[in-house]
Amino acid sequence: MKILVTGGAGYIGSHTYLALREAGHRPVIFDNFCNSSPRVLDRLGQLFQETATCVEGDIRDVGALEKTITEHGCEAVIHFAGYKAVGESMAEPLKYYEVNVGGTERLLTAMRNTGVRKLIFSSSATVYGDPQQLPIPEDHPLSTASVYGHTKLVVENMLRALYDADRQWAITILRYFNPVGAHPSGLIGEDPADVPNNLMPFISQVAVGRRPYLSVFGDDYPTPDGTGVRDYIHVCDLAEGHVAALQMLEEPQCTAVNLGTGQGYSVLDMVRAFEAASGRPIPYKIAERRAGDIAACYADPSRARALMGWTAQRDLTDMCADAWHWQSRNPMGYLDIAAE
Ligand code: NAD
Ligand code: WQD
């Protein structure tokens, strides 16, 4: 299948590009590189001995989207493009509404105008807010504390309204838990432009010597060791979840599906697992709780198994080993390619 992949140069998009190619699909990346490097394309090309298909463009540009969909004969869209930093979304809300909500509306308009009505959308477990039950099923009430989370909720509502108005659409909303790790080749991985907001890239940068220690945000949560518990999922499992979700686009529907492992790990579990994988010490200091954080969050992944035949295959050791392989091979991320 020919598939438009918005944000395909980013962390999850680039891994999904590989999973799609491995499954025999023809992904077309559409990205403006505002949070990714064009160098990822060389790495993707290297893995397949081919030039990765990519159009540089902005999802707010309906004309560019229509031209790309038509010229490449795209039959479906996987929509990753958007901003994802929770803290920044509180400081610059309009930027987030413009791209995450406005950009998605532009994309849906381009799809409707070109007759493509098959979509996989990147949502997030952040739409469950502070969970009332664990593990979290898809029918859990939706709420969110951040502007970023609200943009995901608004888009989910927009997609359900679109399907209610036009039952030709086939839409799968994938709610990711905490994606971590990298492709085992060490050629692609997560490459934050600034100080990492997320735990795993921060730990990786401590291990490689770019940062002196990890601040553990709170050790007084009602969890087994007092630190926050999350459902970390290997990015290659997540990528394969998108390939599995394509089968859901064969029939009109609008369905939300969790992509998680169902297993929660604490911050200190992650520190210990990364130390074991890397053979490096991860110095840490206990710090104040981070505003807006919740104690624990992990998925009920049974719907993904029932509807798509998908379950996560990789464990915490794989997540840490592959994150370390990527980080140690590319200590400065894609910037290191210039030195090759
Ligand atoms: P990322 O920033 O690595 O990738 C996003 C890509 O979109 C980047 O390559 C960026 O250049 C591109 N982009 C941004 N704005 C664009 C625009 N206006 N036009 C074209 N391209 C644009 O992020 P990621 O971690 O790969 O996340 C992908 C999606 O998954 C996002 O929608 C994010 O909200 C969602 N998500 C991510 C996580 C996570 O922890 N990484 C968790 C849940 C959901
Ligand atoms: C995990 C745990 C922190 C950094 C965020 C977004 C969510 C989703 C994924 C996109 C927590 C602790 C972290 C650090 C720490 N993104 N931590 N020191 O908060 O579950 O989710 O990313 O949709 O929307 O909110 O992930 O990796 O930031 O934190 O102690 O330097 O690690 O307190 O318990 P989170 P995270």
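In table form, for the structure just shown:
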{"quantity": "Shape parameters for the chain, alpha-carbon atoms, Rg then Dmax in Å", "calculated": "19.1, 55"}
{"quantity": "Segment residue 1-residue 213, extension gain: residue separation times 0.36 nm, minus the distance between their alpha carbons", "calculated": "71.8 nm"}
{"quantity": "Cα gyration tensor of segment 1-93 - equivalent ellipsoid semi-axes, whole Å, descending", "calculated": "22, 16, 11"}
{"quantity": "Extension gain (nm, one decimal) between residue 132 and residue 154, 0.36 nm per residue minus Cα-Cα", "calculated": "5.8 nm"}
{"quantity": "Peptide ranges 199-207, 139-147, 3-11 listed from the most packed, as the mean C-beta count within 10 angstrom indicates", "calculated": "3-11, 199-207, 139-147"}
{"quantity": "Cα long-axis angle, helix 62-72 against the chain (0 to 90 degrees, to the nearest 10)", "calculated": "80 degrees"}
{"quantity": "Crossing angle, helix 235-245 versus the chain [Cα axis fit, 0-90 degrees, rounded to tens]", "calculated": "30 degrees"}
{"quantity": "Relative contact order (percent, whole number), the chain, Cα cutoff 8 Å, 6+ residue spacing", "calculated": "19 percent"}
{"quantity": "Calculated [θ] (222 nm, deg cm²/dmol) that DSSP helices of n ≥ 4 give over the chain, each run adding -39,500 (n - 2.57)", "calculated": "-11000 deg cm²/dmol"}
{"quantity": "Rounded to 10°, Cα long-axis angle of helix 11-22 versus longest principal axis of the chain", "calculated": "60 degrees"}
{"quantity": "Burial order of peptide ranges 233-246, 47-60 (average beta-carbon count within 10 Å, highest first)", "calculated": "233-246, 47-60"}
{"quantity": "Volume per residue of the C-alpha convex hull in segment 48-162, rounded to whole Å³", "calculated": "141 Å³"}
{"quantity": "Candidate lysines - alpha carbon under 27 Å from residue 2, same-chain residues fewer than 8 apart omitted", "calculated": "67, 84, 118, 152"}
{"quantity": "Alpha carbon centroid spacing (whole Å) that separates segment 127-163 from segment 267-340", "calculated": "24 Å"}
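Quick note: the coordinates plus some simple rules give every number you see, no bench work behind them. Keep in mind that what you see is a predicted model, and the values were worked out from it rather than measured. We place every Cβ from the backbone using ideal geometry, glycine too, and count neighbours over all the protein chains shown.
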